[in-house]
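A short write-up of the structure that comes next.
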Amino acid sequence: MKKAAKKKSSAKPTESSSKREASKNEGGEIIEFIKRDHKPLKELISVMKDPKAKMAEKKPVFKKFQSLLLRHAHAEEQSLYIELKSRKDLRLDGVEGDVEHALADGLMEEIDSIQNDNDTWMAKVKVLAEVVEHHIEEEEDDMLKKVRKEFDLQMRTEIGEEYERLYDELRRSEVELPTKQSASADSHRAESLRDL
């Protein structure tokens, strides 16, 4: 994997970025990083699925969830999923991950476009939470075990370094992340599906 030069940020570190830095400084590999980044998503999912939580509580939670998920998904696709798709026995896992990310992206776009229909907004947020929760469970219970078995520690560490670089780059950029519905992402997915 290519190792790009890391950019230094002049931004004041936040509590979460400080935790990320501590985690990176201790070393680590892709499995640890993905599980670490799943934790805040799981916490937000519990609010998004909570039938007692009102829309006023769920709206800011959804926005935070959306930001974290887009960063995580993009970094995961461009590091781990690329490696999975390069191996015949793991290719389907990588493509399946891409498809599930695209489903979540589509739902987030739909949620963003809803105006004056609180019931539809609440329903789609709940479905999004369930889709991502299933995806996380499947990754942690199945796919990451395959990664541990098939990739040695050095490879997992290299993938983890690339994942962290991409995630941090997106976090620092503070621009709206493109969804997977964009033309470039669609053409990239079409290429990977064509090779099946």
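The values are calculated or read from the model by the stated rules, or taken from the named source; none is laboratory data. Computed from a predicted model, the values in this text were never measured in an experiment. So basically every Cβ, Gly included, is an ideal-geometry build from the backbone, and we count neighbours across all protein chains shown.
Beta carbons closer than 7 Å, at least 6 apart along the sequence or on distinct chains, pair a first residue in segment 95-121 that is more than 17 Å from E133 (Cα to Cα) with a second that is among the polar types (S, T, N, Q) and surrounded by 15 or more Cβ atoms within 10 Å (Cβ to Cβ) for V95/S192; E109/T179.
In this entry, E158 is excluded by the filter for residues that are under 21 Å from L80 (Cβ atoms), assigned to a helix (DSSP H, G or I), at pLDDT 90 or above and within 14 Å of the chain's Cα centre (by Cα).
Assess whether A75 counts as being among the small types (G, A, S) and at pLDDT 95 or above. Yes, satisfied. If the condition is being touching a helix residue (DSSP H, G or I) at 6+ places or on another chain (Cβ under 6 Å) and of a type in the set (V, I, T), then segment 148-169 contributes only I159. Residues in segment 75-101 that are farther than 19 Å from E29 by Cβ and within 11 Å of the chain's Cα centre (by Cα): D98, E100, H101.
Counting only helices (runs of 4 or more DSSP H) that sit wholly inside segment 55-141, those with at least 3 residues that are exposed (fewer than 14 other Cβ atoms within 10 Å of the Cβ) and out of contact with any Phe, Trp or Tyr (no Cβ under 6 Å at 6 or more places or on another chain) are 55-76, 91-113, 118-138. Taking residues in segment 27-38 that are farther than 12 Å from M143 by Cα, and partners anywhere that are of a type in the set (G, A, S) and surrounded by fewer than 21 Cβ atoms within 10 Å (Cβ to Cβ), the pairs with Cβ atoms closer than 8 Å and at least 6 places apart or on different chains are E32/S23; F33/S23; R36/S23.
Scanning segment 22-42 for residues that are modelled with pLDDT under 95, charged (D, E, K, R) and assigned to a helix (DSSP H, G or I) turns up at least one hit.
Taken together, the residues in segment 142-165 that are surrounded by fewer than 19 Cβ atoms within 10 Å (Cβ to Cβ) and touching a Ser or Thr at 6+ places or on another chain (Cβ under 6 Å) amount to 0.
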